[in-house]
1. If you average the alpha carbon positions of the stretch 134-203 and of the stretch 1-30, how far apart do those two centres end up, in angstrom?
2. In percent, what relative contact order does the chain have, based on Cα pairs under 8 Å that are 6 or more apart in sequence?
3. Find, among the trypsin sites (Lys or Arg not before Pro) in the stretch 4-88, those assigned to loop by DSSP (not H, G, I, E, B) with at most 16 other beta-carbon atoms within 10 angstrom.
4. Report, in degrees rounded to the nearest 10, the 0 to 90 angle that the Cα long axis of helix 188-199 makes with the longest principal axis of the chain.
5. Which of GLY142, GLY106, GLY233 moves most in a GNM of the chain, Cα contacts under 10 Å?
6. Based on a Kirkwood Rh over C-alpha pairs, give the Stokes-Einstein translational diffusion coefficient of the stretch 1-131 at 25 °C and viscosity 0.890 mPa s in µm²/s.
7. What order, most packed first, do the peptides 178-185, 249-256 have when packing is the mean number of other Cβ atoms within 10 Å of each residue?
8. For the stretch 44-103, state the average projected area of the convex hull of the C-alpha atoms over all orientations, rounded to one decimal in nm².
Amino acid sequence: MNDTVLIASNEGIATVTINRPKALNAINADVMQALNDWFAKGYQSVDGLRGVIITGSGEKAFVAGADIKGFTNLTAESGGQVSKFGQNTYFLIENFHVPVIAAVNGFALGGGCELAMACHMRIASTEAKFGLPEVSLGLIPGYGGTQRLPQLVGKAKAMELTLTGGMVNAEEAQKIGLVNYCVEKEELISRCMAIFKKTMSKGPLAISKAISAINAYYNIEVDGYKTEYSTFGELLISEECKEGVSAFIEKRKANF
Ligand code: DAK
């Protein structure tokens with residue numbers, strides 16, 4: 001892990017902070033590598049992990065995009081490889097087994113907006129701004145933005161945001177379904193924690209399987225309904241489900 005991404009953890013919640021505040025946390029190769037390393041393997045060193053917050057260092061930005069200054073000298077082939085590695089990193093986040101919430105504390109542009117969209121939920125501070133300005137650079141989003149934005153906001157708004165390269169503020173982002181909640185910046189982390197308080201009281205296996213089943217809806221290679229019924233069957237015979245059902249019948253809190 002390099003210091004462009006900081007990891008802290010407390011009582012089962014890890015905070016992953018993109019840490020290049022002077023460059024508004026723009027994602028360079030080191031950041032992407034560190035994210036990939038942590039979501040592929042590094043998380044295993046956190047005891048009892050039950051949730052992850054991704055946020056940005058400093059007052060101004062979540063992530064202001066991919067590091068534009070690092071685009072030079074790429075060929076079509078190496079550029080494609082960089083894009084593929086970024087997409088794979090974001091897939092790790094999207095398919096992570098515990099809830100991942102983006103705490104969007106400022107600009108979430110281009111690859112930063114795409115990072116937020118790869119998370120399971122997004123909480124924005126009132127100062128946050130979202131956009132996919134790639135077309136201003138003669139590019140299109142390269143880390144899954146063309147796919148995830150229409151999933152979240154529908155085709156018409158996705159077309160508008162992507163083709164104009166414009167930004168929306170947090171209030172508008174909430175209105176169009178891009179973020180779950182918009183809160184004052186002082187409340188950003190506490191709102192994430194309030195959601196985790198709820199998810200942490202539920203069965204961790206069920207939470208993980210629910211993430212996979214919902215993601216299956218968006219994967220054309222997978223039959224989502226089949227994923228749902230086969231997962232449902234698996235869960236029905238799990239120790240976790242036995243405990244959940246016993247707790248209900250015995251009128252007590254489940255001990256997951
Ligand atoms: N990359 C590199 N540096 C950045 C940056 C970025 N994306 N965004 C900001 N910075 C740097 C600025 O250059 C400046 O550095 P110094 O000049 O001080 O050295 C510093 O952060 C502070 O920024 P500003 O002075 O510009 O701050 P302002 O408040 O005036 O403006 C802003 C804030 C967010 C409106 C502005 O910084 C801005 O427009 N930033 C760029 C936004 C943007 O276009 N982001 C890129 C979106 S495109 C790829 C895969 C994916 C992608 C690309 C390639 N491959 C596979 C190759 C994805 C691309 C994108 O994300």
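Only the coordinates and a few stated rules stand behind these numbers; no lab work does. Fair warning: this is a prediction, and the values are worked out from it, not measured in the lab. Because the Cβ atoms are built from the backbone with ideal geometry, glycine has one as well, and the counts that use them run over all protein chains shown.
1. Answer, in whole Å: 19.
2. 15 percent
3. LYS41, LYS60
4. Result, in degrees: 30.
5. Looking only at GLY142, GLY106, GLY233, the biggest GNM fluctuation is shown by GLY233.
6. Using the Kirkwood radius from Cα pairs, D works out to 168 µm²/s.
7. Top of the packing list down: 178-185, 249-256.
8. Approximately 5.8 nm², given one-decimal rounding.
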